[in-house]
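One structure is given below, encoded as structure tokens.
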Amino acid sequence: MLITVLVFILGSCVAVLLVRDYQSKQTDGYRAAQLYPGGRIVPVLGNLLELLFKNPVQTFAYARENAHRYGASYRQWIDGKVILNITRVKEAEKILSSAQHTRKSILYKFLHPLMGDGLLCSKGSKWQQRRRILTPAFHFNILPKFLTIFQEESEKLVRQLDHQADGRQEIVLQSIVTSFALHTICETAMGVKLDAYNEADEYKQKVYEVGEMLVHRTMSPWLYSDRVYRLLGYDRPLAESLKPIHHFTRSIIRQRRENFQAQAQLVDSSSEENMYFGSKHRYAMLDTLLAAEAKQQIDEEGIREEVDTFMFEGHDTTAAAIMFTLVLLAIEQDAQERCFRELEELLERVATGTVPLSVQDYQNLPYLDRVIKESLRLYPPVAFISRATSGELAVDGTTFPHNTITHVHIYDLHRDPAQFPDPDRFEPDRFLPDVAEKRNPYAYVPFSAGPRNCIGQKFAQLEIKTVLVALLRRFRLMPVTKREEIVFMADLVLRAKTPLKVRLVRR
């Protein structure tokens, strides 16, 4: 009798799943899926089996294999819905240029425990309001104030590395460069030196722990349900790790608010020109948020969301860009020498002596600029972004329905041979003005593009250039890690599982 009941229940479940599967295949989403290449769609499961039981290294390799196998954007069919994986510019432009399809997909929901509904994850009018509030923090006139911090932290990094610059020691870049980037974003975003706080070490440790937990959930479809996530006990360790992060951020905000209010009394608070650009005090992005709070445009929790977004997004991405550029320069000795000669010519021209270079000086290094762009093409720090369409998406006669998840694989988009011939070759002159202007602008998007492009891209580019200049002035980079040895793993940013190493020789 019991066996009969169990068989009936099992049969009923299978029947329900088959009916649901049949109904899902009568939709516009399935019709769109049929027009794009992709793996075999298994009844009920679709392409889910392709994703299961893969570790982060296998997940990264799976996406690259698909891009190579199909040679075009491709689809997946999971849970009765189509997912469009974009690796070519015709689909990327449709998504990135649109003011309609700006919503982030469900994957960004998993970042909420850390960042809340900050600029990265928010949508609609809230995102527009936050973008308006934060725009002054990245005004061109602010960059010189940030540059001083970049230069100071770069010199600390140079001094730290100097005792290892004997040409023999292998220097592992991950921890050193990530620590540099975290200290830099902490001072620029919050206006404090991380080493001045007893909680700094715990803060750094917990930031890394939380990052690993969030990545694990993002890469595990069976954990997408909040109920399953809680039942399996994943929520408790995440909550415990978040406590010191949020406590640290809130304490800094309170301290900075007191300083900000005292400073505001010394200037004409009605003049944003005075508040942001006229002060001789060090400026932090947090000051922009505090000014908005004084106007009741944002509350304390909103400030915390944005600061945590700056801290998390602003250090890991920049660190990745710096590391991969250093590895490339060590391998490409001719390019490194050309960068050094260009820098020497600039120093002779401006005759700075001990006076730090200006923002304008850094802009007068066109070859180094092309090297950085080519590094960001080959190794984009954010290799993958995800959107959910608002309304229908039409591409070449194929119509995807409302709420279709679209994954833009920037890593593969940057390797489209139609846009970048011999795409794996390191060639900075791809970014000569007359070459770049012939290319579709959405073929190269290391900072995304369109309405939701990265608000801090000029900030990041200046930071990258500043630290590279400091290192190239003092050291010759020698190769250790080869490009073919790098093993990548799926993560929120482009991350190598294997150590990235160089050797340094004092110039």
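The values are calculated or read from the model by the stated rules, or taken from the named source; none is laboratory data. As the structure is a computational prediction, the values presented were derived from the model and not from experiment. Cβ: placed from backbone, ideal geometry, glycine included. Neighbour counts: every protein chain shown. Protein only, heavy atoms only, side chains kept; ligands, DNA and RNA dropped before computing areas. Shrake-Rupley method; radii C 1.70, N 1.55, O 1.52, S 1.80 Å.
Assorted remarks:
- With a threshold of 21 Å on the Cα-Cα distance, the over-threshold entries among 109/243; 109/458; 54/501; 90/482 are 109/458; 54/501; 90/482.
- Principal axis analysis of the Cα atoms in the range 3-49 yields extents of 44, 21, 9 Å, listed in decreasing size.
- Rg/Rg_globular for the range 99-159, with Rg_globular taken as 2.2 N^0.38 Å and Rg from C-alpha atoms: 1.56
- Fraction of accessible area attributable to carbon and sulfur, the range 348-507 (%, probe 1.4 Å): 52
- Gain on full stretching of the segment that runs from residue 222 to residue 199 - 0.36 nm per residue minus C-alpha separation: 4.8 nm
- Computed extension length for residue 399-residue 434: 9.1 nm, one decimal, from 0.36 nm per residue of separation with the Cα-Cα distance subtracted.
- Relative to the current alpha-carbon distance between residue 212 and residue 239, full extension at 0.36 nm per residue lengthens the span by 8.4 nm.
- Residue-level accessible surface for residue 387, protein heavy atoms, 1.4 Å, Å²: 10
- Within the set (i) 28.7; (ii) 23.2; (iii) 27.1, the number that mean projected area of the Cα convex hull in nm² takes when calculated for this structure is listed as (iii).
- Shape category assigned to the range 343-500 from the gyration tensor of Cα positions, a/c cut at 1.5: prolate
- The range 454-501: trypsin sites (Lys or Arg not before Pro) in DSSP coil with no more than 16 other Cβ atoms inside 10 Å: 482, 497
- Rounded FRET efficiency, nearest 0.05, which uses the C-beta distance separating residue 507 from residue 100 and R0 of 45 Å: 0.30
- Along each principal axis, taking the top coordinate minus the bottom one, the Cα set of the range 279-383 gives 53, 36, 17 Å in descending order.
- Accessible-area value, residue 36, 1.4 Å probe, nucleic acids and ligands omitted, Å²: 20
- P(r) tail, the range 1-102: Cα-Cα pairs separated by more than 22 Å, 46% of all pairs.
- Across the chain, the relative contact order, built from alpha-carbon pairs under 8 Å that are at least six residues apart, equals 26 percent.
- DSSP H segments from the chain that extend 30 Å or more along their own axis, Cα-based, with Kyte-Doolittle mean of 0.0 or above: 2-24, 300-331
- Loop sites in the range 151-212: GluC sites (Glu not before Pro), DSSP, at most 16 other Cβ within 10 Å: 170, 199
- Among the protein heavy atoms, those of residue 506 account for about 120 Å² of accessible surface (1.4 Å probe, every chain in place).
- Heavy-atom accessible area per residue - the range 41-92, 1.4 Å, Å²: 43
- The range 1-76 and the range 369-403: distance between their alpha carbon centers, rounded to Å: 23
- When the Cα convex hull of the range 122-219 is projected onto planes of every orientation, the mean area is 9.6 nm².
- Ordering 77, 222 by accessible surface, largest first, gives 222, 77; the 1.4 Å probe counts only protein heavy atoms, with every chain in place.
- For the chain, share of DSSP beta bridges that run antiparallel, in % to the nearest 5: 85
- Per-residue [θ]222 nm for the chain (sum of -39500 (n - 2.57) over DSSP H runs n ≥ 4, rounded to 500): -17000 deg cm²/dmol
- Where GluC sites (Glu not before Pro) fall in DSSP loop in the range 427-507, at most 13 other Cβ within 10 Å: 437
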